[in-house]
Amino acid sequence: MIIAYLIHDTHTLLTCSLVSRSWYIAAVPHLHRTLVARMNPFTGDKETKWPKSLRMASKFGSLPFVTRLFIYGDPYGHEFSPKRFHYWTRREFSALTNVRELSIGGLDIPSFIPTIQQYFGQFSPTVRSLSLRGPKGTYRQIVFFIGLFPHLEDLTIHTGWSYDWNALDDPTLIPPFVPPFGGRLTATSGGGYYFAKTLIDLFGKVQFRHMDLLHMDSGTQLLVYACADTLETLELDATDICGEKLCSENASALSNDFTGWSRDLDLSRNNSLCKLKTTARSLISSLRDRAPGTVQNTFRAIISTIDSPTFSDFVVAYQLGDFYNVTYPEGRTAEFGDEDAWYRRQFEVFREMYKARDFQLLLWAYCVSDSSVRELERAVAVEKAKGGLPPRLSMAYSLAAR
């Protein structure tokens, strides 16, 4: 019981395993719960290379203890395919019978078909979380692979950069199971609409409670409609895939142009929606934009479609840079007081949002310098003194990593 609390403290677990045989038996499953295998021989530790890491775990009899399997590959010469297996490797791989979290990079799905069950069948009864990064194959083949796991709750998938647009789909390829999908969907796709449509067409219904979607375009609306009765949290381009802190050169990770599909996003059918999180380079159009008001008008339009009685939180993460680094239209220069006008327009956006619906708004600003932090603090203090801030507005900021 006590040792279970040390699941993330490997050093202490190792110490506990030396105390007595009973402590060793209790600590071993936690020590060997994660197995990492890398396809690229030039990255990572030597102990994590494929198939060495698998072979060592088999040698010490720890394969049945593995609950988290991470296979790191890529579609550029380091794919995970049947070529990586030989007789003994397949036997050792089939001994992984308790994996609950499976993550594979560079999975070459067409190369496994039609014998894919022989390689991944042992995972079907136990896998609850699946992550695919850069899988090779058509969307139908990708969805077919997802359908191998009848108890799957959480799905993370990043496609687009390795998708084979010239491949022909096999219409007879039908997923053997329909997973419950009761957890979180995290998706990044260059062809978001086609992936979403294939997922819904082949499974009939998806019931995710949380969705984090990046570059899914019009596929976002399909998924929102499909999860109308279950969706509680929707994040649009909200997660920085590089980490919690942003470098100034990665500012585009927080950009959201709100064009096309996003302006028409309809959340009226989602009666269980509680939280909406999104990103924007700025809540107002910058001084160089030709179409002022695009972002705040989009926010206002999206919020106006929300009919869920449980909706209570709207989180906006946006990039706050140095004001004097803004590129002005030709012939114009920065004028004293422009930064105050810029912030006043930001706060006007907040007030307009509250007119549409009452909710808790959390503004999370990623500041790229100390000066932008001071400007933000000063603007908030001035607005609070005037009583101009909405009563349910929370503000926070993070200084981007250098």
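The values are calculated or read from the model by the stated rules, or taken from the named source; none is laboratory data. This is a predicted model, so every value here is computed, not measured. Note that we place each Cβ from the backbone using ideal geometry, even for glycine, and neighbour counts take in every protein chain shown.
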Restricting the range 225-239 to residues that are farther than 14 Å from residue 181 by Cα and not polar (S, T, N, Q), the one surrounded by the fewest Cβ atoms within 10 Å (Cβ to Cβ) turns out to be 225
Within the range 221-264, the count of residues that are modelled with pLDDT of 90 or more, of a type in the set (Ser, Thr, Tyr) and under 16 Å from the mean Cα position of the chain (by Cα) comes to 1
Inside the range 165-216, the number of residues satisfying the requirement of being closer than 17 Å to residue 132 by Cβ, assigned to a loop (DSSP other than H, G, I, E, B) and among the charged types (D, E, K, R) is 0
With respect to residue 67, is the statement that it is out of contact with any Ser or Thr (no Cβ under 9 Å at 6 or more places or on another chain) and within 30 Å of residue 114 (Cα to Cα) true? no
Just one listed residue, out of 55, 38, is under 24 Å from residue 106 (Cα atoms), without any contact (Cβ under 8 Å) to a residue 60 or more places away in the chain, in contact with a Gly (Cβ under 8 Å, 6 or more places away or on another chain) and in the same structural domain as residue 95 (by TED's automatic domain parsing), and it is 38
Counting only residues in the range 217-240 that are among the hydroxyl-bearing types (Ser, Thr, Tyr), in contact with a strand residue (DSSP E or B) (Cβ under 9 Å, 6 or more places away or on another chain) and not in a loop (DSSP other than H, G, I, E, B), the one farthest from residue 307 (Cα to Cα) is identified as 220
Here, helices (runs of 4 or more DSSP H) confined to the range 73-158 with at least 1 residues that are of a type in the set (Gly, Ala, Ser), more than 21 Å from the chain's Cα centre (by Cα) and modelled with pLDDT of 90 or more are 87-94, 109-112
* Can we say residue 137 is surrounded by 17 or more Cβ atoms within 10 Å (Cβ to Cβ) and either touching a residue at least 24 places away in the same chain (Cβ under 8 Å) or not basic (Lys, Arg) (or both)? -> yes
Picking from 145, 60, 80, the residue that is surrounded by fewer than 16 Cβ atoms within 10 Å (Cβ to Cβ) and without any contact (Cβ under 8 Å) to a residue 60 or more places away in the chain would be 60
